[in-house]
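Data first, discussion second: the structure below is written as structure tokens.
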Amino acid sequence: MPPRIQRHEKIIALVREHNFMPIEQLARELDVTPQTIRRDINQLCEENILRRYHGGATLGEGLENDDFQSHKVKLQTEKAHIADLVASHIPDNASLFLSIGTTIEAVAMALIKKRKNLCIITNNIHVASIVSGRSDYNVLITSGVVRPIDGGVTGVATVDFINQFKVDYAVLSASGIEQDGSLLDFDYKEVSVMQAMMANARLRYLAVDHTKFGRNALVRMGDMTEFNAVFTDRVPSDAVCKRLQEAGVPWYVAEE
């Protein structure tokens, strides 16, 4: 196999593993120059395999669709347990924002089994589909541009829509969490929506499975300490637990 093809396969594997890889780090990992990596990334972007961001690359639509479907079935049991735990902290007759992600879709499933008379505002067409079957629910879906990969609705119109409301709860997730508590995502438009939800909710809940801890991503959404509670399926690292404890933020670990 030609060295260039081998290098491309390694680049794809690294991006798939870490979700976002800086050019400099790829150059070190593959022992080539940054210029070589840039050329490789440009070619892989032309083939719709990767998407280039400032200083690095993430998966392109050609691989994202496959990855999203596999991610949807991955950790289903763990996400269901997290979702049940979140639902137990939301009362009947509450209003809430639900954001994008497979964990949030699991939360929607848990809510329709456990809670009545909810008002749900979401930018996730899958969530809207899940909860719209309840006649006692008031379901609002945001305006904006639908992202085909995961049914997320984002954009300026989405943020404007969210800013019209003040709800009891915002239930959000994140693509990555660093040891210092920073919450990360790949899409700045999605981050803007989640930040609007955070700003317009009285209580903020973060629901993330254990694979999100230590994952890298490009856009900073906020900090774990900005939430009123964190729900996950495994005890976070000592550093994360210490930071949450110092900020007075409780964390809940779902039981298997």
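The values are calculated or read from the model by the stated rules, or taken from the named source; none is laboratory data. Everything numeric here is computed off the predicted structure, so don't read it as measured data. Methodologically, a virtual Cβ is constructed for each residue, glycine included, from the backbone with ideal geometry; neighbour enumeration extends over all protein chains shown. Ligands, DNA and RNA are excluded from the accessible area calculation, which covers all protein heavy atoms including side chains. Shrake-Rupley method; radii C 1.70, N 1.55, O 1.52, S 1.80 Å.
Annotations for the structure displayed:
- For the range 99-166, with all protein chains in place and a probe radius of 1.4 Å, 56% of the accessible heavy-atom surface sits on carbon or sulfur.
- Reciprocal of mean inverse Cα separation for the range 120-170 (Kirkwood radius, Å): 11.4 Å
- Pairs of Lys in the chain closer than 18 Å at Cα, counting only those 8 or more apart or on different chains: 6
- Estimated 222 nm signal from helices in the chain, with DSSP H stretches of n ≥ 4 weighted -39500 (n - 2.57), rounded to 500: -13000 deg cm²/dmol
- Ordered from longest to shortest, the equivalent ellipsoid semi-axes for the chain are 34, 20, 16 Å, each the square root of 5 times a Cα gyration tensor eigenvalue.
- This model, with +1 at the C-beta of Lys and Arg and -1 at the C-beta of Asp and Glu, gives the chain a dipole about its Cα centre of some 280 debye.
- For the range 149-189, backbone nitrogen atoms closer than 15 Å to the point 7 Å from S237 Cα along Cα-to-C-beta are found at 176-184.
- Percentage relative contact order, the range 74-253, counting C-alpha pairs under 8 Å, at least six apart: 20 percent
- Look at the dipole of the chain built from charges on Cβ: of I5, N42, A207, the Cα furthest out on the positive end belongs to A207.
- Probe 1.4 Å, protein heavy atoms only - accessible area per residue of the range 102-213 in square angstrom: 38 Å²
- Here the Karplus relation 6.51 cos²θ - 1.76 cosθ + 1.60, evaluated at θ = phi - 60°, turns the backbone of the range 90-100 into coupling constants of 10, x, 4, 6, 8, 10, 7, 8, 10, 9, 8 Hz, with x for every Gly and Pro.
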